[in-house]
Amino acid sequence: MTTIPAPMSAPIPASTTPAPTSRASKGELTRRAILDAAVARFGRDGYRATSVADIARAAGVGGTVPYAYFANKEALFLAAVDEDAAAVIHQALSGVLSEPGMPDWRDTLLDALLGAVDRHPLARRLLAGLEPEVTARVLEIPALTDLRRVCAERLAVDQAAGAVRPDVDPDTMADGIVAIVMSLLMSVVQLGLGATGPYAGSVAAVLEAALEPTPGDAARPPAAHRSAAPHQGGTP
């Protein structure tokens, strides 16, 4: 697979890069430094073994400065988790779903996420179950909204091209695909490819059976039309 990197804007020459002069811009830079340090320290040492003072030192700010931006250690940790998870998902999206001609994007999405997770220790800790207080929050990570949306858009494109059944709702199927992919991702991180690899073909077969068109699908109305049509008598 040829990975197409996300488009990058042209760099601004150093001589024209404005210095942060306003209090707001300096504050944003300070917040970013604290959040970056939190992602690194929590990813390396975990929640319990990391203090806010550790993060402040790593960010080069005073020990109480993080509390100006985050209410407490838990709020800083959750912000760091969301930040690192968003980086994982966006990297995977740029490597897979940004390629419009890739027919097997559903099969390669998990591989792309695994590759991205390996570069993000905090997200990996969460998926590995090493932060049990927030493991249940995995499926509520804000960046998953972007993943669901992009998957739904790609399913709609495939549906229009005749590669996906016309009677399935792209949004509903995207929710299911993301749930399956995230469950598989956690399984691979926790159990290893040796234990989970033999089931990859079975999962692909389930998705194929749910999405691939069959000869009779041409006569079926699109999902949106069917759901909007009133029921004709009796129970639905």
Along Cα→Cβ, 7 Å out, is where each label goes; now give me the distance between the ones at GLU153 and LEU29 in nm to one decimal. 3.3 nm
Based on the Kirkwood radius over alpha-carbon pairs, what is the Stokes-Einstein translational diffusion coefficient of region 74-216 at 10 °C with 1.306 mPa s viscosity, in µm²/s? 101 µm²/s
Sparse-neighbourhood loop sites, trypsin sites (Lys or Arg not before Pro) in region 108-176 - DSSP loop, at most 16 other Cβ within 10 angstrom: ARG119, ARG137
Under the 7 Å Cα-to-Cβ spin-label approximation, GLU74 and VAL134 lie apart by a distance in nanometres of 1.2 nm
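Which net charge results for the neighbourhood of ALA75, defined as the other residues with beta-carbon distances under 14 angstrom from its beta-carbon, given Lys and Arg at +1 and Asp and Glu at -1?
Every neighbour counted, the sum reads -1.
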At 0.36 nm per residue, minus the direct Cα-Cα distance, what do ALA204 and ASP104 gain on full extension? Give it in nm, one decimal, please. 35.0 nm
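Every read-out reported here was derived from the displayed coordinates using simple, explicitly stated rules and does not represent laboratory data. As the structure is a computational prediction, the values presented were derived from the model and not from experiment. Neighbour counts are summed over all protein chains in view; Cβ atoms, including those assigned to glycine, are modelled from backbone coordinates with ideal geometry.
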